[in-house]
1. How do the strands (runs of 3 or more DSSP E) wholly within segment 216-289 filter down when requiring 1 or more residues that are charged (D, E, K, R) and farther than 25 Å from ASP305 by Cβ: which remain?
2. Have a look at GLU359, GLU301 and point out the one that is surrounded by fewer than 21 Cβ atoms within 10 Å (Cβ to Cβ) and in the same structural domain as GLY163 (by TED's automatic domain parsing).
3. Just need a number here: residues in segment 290-306 that are in a loop (DSSP other than H, G, I, E, B) and free of Cβ contacts under 8 Å to residues at least 12 places away in the same chain.
4. With respect to PRO176, determine if the residue is at pLDDT 95 or above and part of a helix (DSSP H, G or I).
5. So which of GLY79, GLY71 is out of contact with any Ser or Thr (no Cβ under 7 Å at 6 or more places or on another chain), surrounded by fewer than 22 Cβ atoms within 10 Å (Cβ to Cβ) and at pLDDT below 95?
6. For TYR219, are the conditions met, namely being outside the structural domain of ILE327 (by TED's automatic domain parsing), touching a His at 6+ places or on another chain (Cβ under 9 Å) and not small (Gly, Ala, Ser)?
7. Got at least one residue in segment 323-342 being of a type in the set (D, E, K, R), over 22 Å from GLY268 (Cα atoms), in the same structural domain as ALA205 (by TED's automatic domain parsing) and in contact with a strand residue (DSSP E or B) (Cβ under 7 Å, 6 or more places away or on another chain)?
Amino acid sequence: MATFEHELNPGAASIAPVSTMKALVYHRAGNGSHWYAWEDHSVPSIRDPGDAIVRMTTSTICGTDLHILKGDVPSVTDGRILGHEGIGVIEQIGAGVTEFEVGDKVIISCITSCTKCEFCRRGMPSHCRRGGWILGNTIDGTQAEYVRIPHADGSLYPFPAGGDEEALIMLSDILPTAFECGVLNGQVKPGDSIAIVGAGPIGLAVLLTAQFYSPAAIYMIDVDDKRLSVAMRLGATHVINSTDGQSTVHLLELTSGAGVDVAIEAVGIPETIDICQAIVGPGGRIANIGVHGKPVTLHLEQLWDRNIALTTRLVDATSLPMLLKVISSGKLQPNKLVTHRFDLNDIRKAYETFGNASEEGALKVILTNN
């Protein structure tokens with residue numbers, strides 16, 4: 001039976017020997033079918049000096065996980081444990097970890113950073129030579145009882161005493177993604193008009209963080225009236241239901257034909273990127289956030305003379321410390337996005353709920369490892 005070996009810091013509890021755990025495992029067959037299973041799996045162990053083994057206390061499900069289950073992310077292979085978000089307690093550390101000790105409670109970043117390669121030094125750990133987005137992608141992820149975190153010093157953050165796990169779990173991915181890929185890439189400025197296409201968790205996180213810059217108008221576009229209602233409560237100035245296929249017409253009417261300064265795509269399907277291209281005004285910016293599994297059309301025949309900038313990005317999570325301060329101040333309350341709570345053992349039901357978001361009224365679901 002496997003055991004964890006480490007030097008206990010003062011006051012740290014002893015760790016019971018364990019060799020197996022439960023994990024949410026992705027499977028893919030040669031015929032192209034995809035599914036997941038909650039099954040027994042070996043507990044991870046230290047492989048490299050910079051590793052940490054973290055016992056998960058809280059996790060969640062991301063829209064990217066649903067894209068994986070649709071086959072949109074071919075880098076995810078059969079047998080992979082899903083998940084890239086979480087909070088937990090360090091159970092074991094490698095000899096090279098200097099910033100953390102056994103027993104520390106930590107926030108896990110969705111981006112693994114070695115801190116040393118040229119991309120990390122340029123502030124782009126999303127393209128880290130030894131990391132990047134690997135959790136739940138090319139290595140086993142966080143939807144399990146334990147997870148191995150490579151390059152722990154650059155990939156974990158201390159959990160503040162008295163912090164709210166339901167709020168701070170959003171720092172793993174959703175808030176940095178929305179802020180960096182949407183707000184920063186869209187160069188949101190005071191007085192701008194913004195359209196967010198997609199009122200799911202990421203789109204709503206854009207809505208929350210865009211308000212840092214006092215935009216004059218925030219238009220939220222979605223097919224779900226429940227989500228649009230949430231958007232209004234969280235600060236949207238206008239909402240547009242796009243079910244009738246006329247969202248572009250409705251927005252241009254609201255802006256007297258001018259369009260918006262910033263159009264932010266937060267879904268990842270061709271229809272939503274088409275809307276962004278149709279509603280952005282001259283000199284405007286289109287910021288893509290969504291994970292796209294199908295080709296999209298770039299309408300240069302319409303945009304070539306309009307001084308438009310279009311940006312893409314994978315989250316770097318370098319904004320996490322700043323966002324943590326804003327949450328701690330009470331000025332940002334991402335726990336308002338939580339709609340459902342499940343025990344980790346009920347993760348299959350959680351996936352069903354999250355995957356049927358419209359019927360269930362689901363935004364973020366919290367998974368607690370008891």
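The values are calculated or read from the model by the stated rules, or taken from the named source; none is laboratory data. Just so you know, these numbers come straight off a predicted model, no measurement behind them. We place every Cβ from the backbone using ideal geometry, glycine too, and count neighbours over all the protein chains shown.
1. Ranges flagged: 217-222.
2. Details: GLU301 fails: in the same structural domain as GLY163 (by TED's automatic domain parsing).
When all the criteria are applied, what remains is GLU359.
3. Step one: list which residues in segment 290-306 are in a loop (DSSP other than H, G, I, E, B), which gives 290-299, 304-306.
Next cut, free of Cβ contacts under 8 Å to residues at least 12 places away in the same chain only: 304-305.
Selection size over segment 290-306: 2.
4. On the way: at pLDDT 95 or above: yes; part of a helix (DSSP H, G or I): yes.
Yes, satisfied.
5. Working: GLY79 fails: at pLDDT below 95.
None of the others qualify; the one that does is GLY71.
6. On the way: outside the structural domain of ILE327 (by TED's automatic domain parsing): yes; touching a His at 6+ places or on another chain (Cβ under 9 Å): yes; not small (Gly, Ala, Ser): yes.
Yes; evaluated as a whole, the condition is true for this residue.
7. Step one: of segment 323-342, the residues of a type in the set (D, E, K, R) are 325, 331, 336, 341.
Of the ones still in play, those that are also over 22 Å from GLY268 (Cα atoms) are 325, 331, 336, 341.
From what's left, in the same structural domain as ALA205 (by TED's automatic domain parsing): none.
Scanning segment 323-342, I find no residue that is of a type in the set (D, E, K, R), over 22 Å from GLY268 (Cα atoms), in the same structural domain as ALA205 (by TED's automatic domain parsing) and in contact with a strand residue (DSSP E or B) (Cβ under 7 Å, 6 or more places away or on another chain), so the answer is no.
Results for (1) of a type in the set (D, E, K, R); (2) assigned to a loop (DSSP other than H, G, I, E, B); (3) in the same structural domain as ALA350 (by TED's automatic domain parsing); (4) surrounded by fewer than 20 Cβ atoms within 10 Å (Cβ to Cβ), shown as yes or no for each residue.
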| residue | (1), (2), (3), (4) |
| --- | --- |
| HIS84 | no, yes, yes, no |
| ILE90 | no, no, yes, no |
| ALA95 | no, yes, yes, yes |
| VAL102 | no, yes, yes, no |
| VAL106 | no, no, yes, no |
| THR115 | no, yes, yes, yes |
| GLY123 | no, yes, yes, yes |
